[in-house]
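The values are calculated or read from the model by the stated rules, or taken from the named source; none is laboratory data. Note that the coordinates shown come from a computational prediction; the quantities given were computed from them, not determined experimentally. Positions of Cβ are generated from backbone atoms using ideal geometry, with glycine treated the same way; all protein chains shown enter the neighbour counts. Accessible surface is based on the protein model in full, side chains and every heavy atom, while ligands, DNA and RNA are left aside. Shrake-Rupley method; radii C 1.70, N 1.55, O 1.52, S 1.80 Å.
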Amino acid sequence: MIKQNSLRRSGAKIMASLILLLGSLVYIMVLAVINGSAGFLCAMGVTLFGAVGIAKALGESIALSYGMIIALTIGCGVLSGLLRYLEQYSNHYIAFRLLAVLRDKIFGALRVLCPAKLETRQKGSIIAMITSDIETLEVFYAHTISPVCIAVIVSLTVFFFVGFVSSWWLALAALMGFIIIGVIIPLIFSGRLKASGVKYRGQFASFNSYFLDSIKGIKDIVFNNAGRKREAEVNRRSDLLLEETRKMKRNTAKAFAVTELCVSLFIILALGIGIYLVANDQLSVGRMVIGVVAVFGSFGPVIAISALPGSLTQTFASGDRVLNLLSEKPVVTPIINGEKFNYNNLQVSELSFAYDHGPQVLSDICMYAQKGEIIGIVGKSGCGKSTFLKLLLRFWQKSKGGIAYNGIDIDNIDTDCLLNNVTMVSQSTYLFDETIEDNLRIAKPDADQEEIEAACRLASVHDFILTLPEGYQSPAGALGDNLSAGEKQRIGLARAFLRGSGLILLDEPTSNVDSINEGIILKALREQKQKKSIILVSHRESTMAIADRIYRVEGGRMYEQKPNSK
């Protein structure tokens, strides 16, 4: 696992990767840079043409009339505002377009990585990435790329203008200031801010996850009188975030103070050089005024660059986290245009599996199932029963051995076809904050009401739904909080029946229901077995009563035993 206080990539690589994401929007970024550079030069032109007027009054040979100078001054002011507006509009257009693209890419990556790579990830950390980290990248696209380019263009323009019009000594003094303020100071302070910025983003994601878990588990916290302890931990993590924020603010303030000091020193240096050159008859007063005024007004873009390290440290941390996710390889790659089948039988032979760098979970598993059978799998908690079911869906890549549907190895089967033929009901059913009917339609969006009600009857939940004020239109609530654990589990089972897959994998389907409802559900399963195969995982011996064959898992191995009863 990557440490939270370190970046996988360097800042330069992160910036390069983020710039590559511009794609077809790069022409808008170029337009933003052109508008921004021209806009700032026009802003400088307001004071610069004033200096030209003064130089003309001092006797300099200026071809422009006073009327033309005044007109150019006003024109520069108007153009400055228009061009800067176009620059900001372009930058933010790019930023918001790319934020939408990035969110789409993240959801796409999560879809490919799930469920294997997401089981160990904290949900709050993912939410922080989709919201806070993506919003942080807006600073990079809207307030980093364009200002850096503008600073380079304006600095070079001023350097050559001052050199040719006024004095190369003044131009060199300005260039030295540009390099120190726009390059050296940011490099020095970015090193100081980098560690705290990365640490802050990591702690923010951790805090977000912890706080989200606290909200989701508020009932259990209250029931167990653990509120004060949880509050203390939330406050502790909040204090850590506050301390990191203070560190960044202190360093940012130091960087700002040093930058302002250097700007003042280089302005004084430029003025001193100008006075010295005039005193030694190496430069006229009028041209000295033009050169010094040009230098005075040219530090704005490099000051903006000098202020970037404070925001870039968090941008780099957020960018690194997002790029890490986008570059992460899934445990299994979806198979497109693979072989297709209509489920008839399942054959597992010498199947073994171990998690990455972990101990062996399953070894030499052999079992079979065919349509019209209910297969029971029993074993102690943690023995690998649930992992076995996930292997049957290819959520994890088997280490060795074979899983074959209708004689076709699972690694050659089209992923969509596999998921259409095999449905799994896990121990905990997730319900969206929508109506019960909408939650059921996830399994089959085009199902009619009769199909939905039939599936709910099979899962022994139809009568309960009718007792609700709005029936099937009743809201399930956030995280299904309007329903009990048993009711949610039966809705999950109804989803499986509605799906109509040939093979249903049930992971502890009756763990949250009482014995009466368990009997109703088992009766429904027995009635459905003629149309499909059912693999039933449970620790309850009573649940195994309906199984045609039972497999017991012990020590990572599976062996068949006779069912206790039919």
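See the values below:
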read-out: Residue tally, condition open to solvent by 50 Å² or more (accessible area, probe 1.4 Å) and under 48 Å from the mean Cα position of the chain (by Cα), over the stretch 268-290; value: 2
read-out: Checking Ser352 against (1) in a strand (DSSP E or B); (2) of a type in the set (Ser, Thr, Tyr); (3) closer than 30 Å to Ser206 by Cβ, the condition it does not meet; value: (3)
read-out: Top-ranked residue in the stretch 453-474 [being closer than 9 Å to Phe497 by Cα and in contact with a helix residue (DSSP H, G or I) (Cβ under 7 Å, 6 or more places away or on another chain); ranked as surrounded by the fewest Cβ atoms within 10 Å (Cβ to Cβ)]; value: Leu458
read-out: Qualifying positions in the stretch 323-352 - β-branched (Val, Ile, Thr) and surrounded by fewer than 14 Cβ atoms within 10 Å (Cβ to Cβ); value: Thr333, Ile336
read-out: The stretch 212-248, residues that are among the acidic types (Asp, Glu) and either more than 30 Å from Ser190 (Cα to Cα) or open to solvent by 100 Å² or more (accessible area, probe 1.4 Å) (or both); value: Asp213, Asp220, Glu231, Glu233
read-out: Selection from the stretch 204-225 of residues that are within 24 Å of Leu483 (Cβ to Cβ) and not in a helix (DSSP H, G or I); value: Gly217, Asn224
read-out: Pairs with Cβ under 7 Å, 6+ apart, first in the stretch 344-361 and free of Cβ contacts under 8 Å to residues at least 60 places away in the same chain, second of a type in the set (Ser, Thr, Tyr) and open to solvent by less than 30 Å² (accessible area, probe 1.4 Å); value: Ser352/Ser363; Phe353/Thr387
read-out: In the stretch 353-409, residue farthest from the chain's Cα centre (by Cα) [restricted to those that are among the acidic types (Asp, Glu) and open to solvent by 50 Å² or more (accessible area, probe 1.4 Å)]; value: Asp364
read-out: Residue list for the stretch 528-566, restricted to those being modelled with pLDDT under 75 and part of a helix (DSSP H, G or I); value: Gln528
read-out: Failed item in (1) assigned to a loop (DSSP other than H, G, I, E, B); (2) of a type in the set (Ser, Thr, Tyr); (3) crowded, with 19+ Cβ neighbours inside 10 Å; (4) out of contact with any Gly (no Cβ under 7 Å at 6 or more places or on another chain), with Thr315 passing the rest; value: (1)
read-out: Which numbered condition Tyr141 fails, given (1) in a helix (DSSP H, G or I); (2) among the hydroxyl-bearing types (Ser, Thr, Tyr); (3) modelled with pLDDT under 80; (4) open to solvent by 70 Å² or more (accessible area, probe 1.4 Å); value: (4)
